[in-house]
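Contents: one structure, followed by commentary.
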Amino acid sequence: MHFRKHANSRCHVLAVALLFGAFLISRSNGNEPLRWKFQKNERVAIEVDQNSVIQESSRSETKMRQRSSLEWMVVDVDQDGTATIEHKTQRVRLSLSDSQDDLNADSDTTEASVLHPKIKGIWLIAVAPMNSSFRFRLSSLGEIVEMESSQPNETRNSPKVSVTFPKAAPKIGEPWTVQSSLQQDRIKLLLTSSYQLVGKEMVEGRELSKIKMSTAFQLDPSSNAKLVSQNALGVIWFDPVLGKVTHSENHQEIGIELDHQGSPSKQSIQQSTEISYRTESAKR
C-alpha cells in the first residue's frame, strides 16, 4: 500500500492544477478603446468549467473536473464608470477519477466529512471561496482600485475573471504584455501574459472583439515545485457594446517536478477551461 506515501504529493499537485486553472485574470489589447460598462443592480453570472488530466510519474493518470458558479452583483457605479461589485462563489462541483475510483462532490449536497481521502483535501481547497464574499471596485479599464474582503487576512487572487484594457486605442495584432501573480496556500505563481486582438467575430448576432492570449508561468523560488515545461494559449470574446466578456477558453500543458520530503516526482498537467458570462439587466 503506497497511498499514504503519495497522498500529500497528490493533494499538492491537484492544488497546483487548481492554481493553474485559476489563471483567468486577463489583460488584453484591441484596435479600439474597449471599456467595461456596468449598471447599478445588474448581475453577471459566471460559469467556469475546468477539465484537468494529471499524469504522475510511475502512477496512472488522474482526471479532474471542476465546475464553479460565480456571481457579480453591481452595488453602485460612479460617474467615471468605476463599479462597486460584490463577488460570490455560489456553487462548486468536483469529480475525480483514476484507475481505482470515480469520486464526486457537490457543494449543494455533499458533506466534507463523508468524502474519500483522495478527494477530500482538494475539495476543501475548491470550496474555500464559498466561505466568504467580498467587494471590489473596478474601473472602466478593468483596473481593481480597491478590494474589501469579509476575511481581511485571507490572501485573495479574485476577482479571477476581470479584463484590463489599455487607455489608448490599440491596433489589431499589436501585442500587449503584462505581469501578474496568483497564490494558492503557499504556492505562488507568476504570470507573463501576451494578448492580441485578431479582429471581429459575429457570435449569435453580436459583433465581438476576439482576443488571443498566451501565457508564460513561473513558480515562486520558495515553492517545492519547479516547472520543466509549459504551453498556454487561449481566446477571449468581448462585447464592446455591452462592455462585458461573453465567453473565454484556454488550454494549458504544464510539466512540474515536486520535491516532497526529499523524494522528487514528476507530473504533467493538461488543462482546458471554458468560461461563460451572462448579464442580467438592472431591475427597474
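The values are calculated or read from the model by the stated rules, or taken from the named source; none is laboratory data. Since the structure is predicted, the reported quantities are computational estimates derived from the model, not experimental observations. Every residue, glycine as well, gets a Cβ built from its backbone with ideal geometry; the counts of neighbours run over all protein chains shown.
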Seminar exercise, completed: Exactly one of S28, S9 is farther than 30 Å from T177 by Cβ, buried (at least 16 other Cβ atoms within 10 Å of the Cβ), small (G, A, S) and modelled with pLDDT under 60, and that one is S9
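Got a sec? Which of T192, T246, T215 is β-branched (V, I, T) and within 24 Å of K63 (Cα to Cα)? Let's see the steps before the verdict.
Numbers: T192 fails: within 24 Å of K63 (Cα to Cα); T246 fails: within 24 Å of K63 (Cα to Cα).
Answer to the selection: T215.
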Problem set entry | Residue that is farthest from A45 (Cα to Cα), among those in region 216-246 that are in a strand (DSSP E or B) and touching a residue at least 40 places away in the same chain (Cβ under 8 Å) | A225
Exercise. Quick one: is S229 over 19 Å from the mean Cα position of the chain (by Cα), under 24 Å from S281 (Cβ atoms) and hydroxyl-bearing (S, T, Y)?
Worked result: no
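Quick one: how many residues across region 123-151 are farther than 25 Å from R91 by Cβ and at pLDDT below 85? If you could, list the steps in order and put the result at the bottom.
If we filter region 123-151 for residues that are farther than 25 Å from R91 by Cβ, which is where we start, we get 137, 139-143, 145-146.
Now restrict to residues that are at pLDDT below 85: 141-143, 145-146.
The total comes to 5.
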Exercise. From the residues in region 89-106 that are in a strand (DSSP E or B) and in contact with a helix residue (DSSP H, G or I) (Cβ under 7 Å, 6 or more places away or on another chain), which one is farthest from I144 (Cα to Cα)?
Worked result: L103
For this session: Residues being out of contact with any Asp or Glu (no Cβ under 9 Å at 6 or more places or on another chain) and not basic (K, R): count how many of those fall in region 212-252.
Result: 17
Seminar exercise, completed: A careful count of residues in region 39-88 that are closer than 23 Å to L141 by Cα and part of a loop (DSSP other than H, G, I, E, B) gives 9
Problem set entry | Any hit, region 212-221, residues being crowded, with 20+ Cβ neighbours inside 10 Å, under 25 Å from K171 (Cα atoms), within 22 Å of the chain's Cα centre (by Cα) and among the β-branched types (V, I, T) | yes
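Would you confirm whether any residue within region 104-120 is aliphatic (A, V, I, L, M), surrounded by 12 or more Cβ atoms within 10 Å (Cβ to Cβ) and within 17 Å of A45 (Cβ to Cβ)?
If we filter region 104-120 for residues that are aliphatic (A, V, I, L, M), which is where we start, we get 105, 112, 114-115, 119.
So of that shortlist, the ones also surrounded by 12 or more Cβ atoms within 10 Å (Cβ to Cβ) come out as 105, 112, 115, 119.
If we keep only those that are within 17 Å of A45 (Cβ to Cβ) as well, we get none.
No, region 104-120 contains no residue that is aliphatic (A, V, I, L, M), surrounded by 12 or more Cβ atoms within 10 Å (Cβ to Cβ) and within 17 Å of A45 (Cβ to Cβ).
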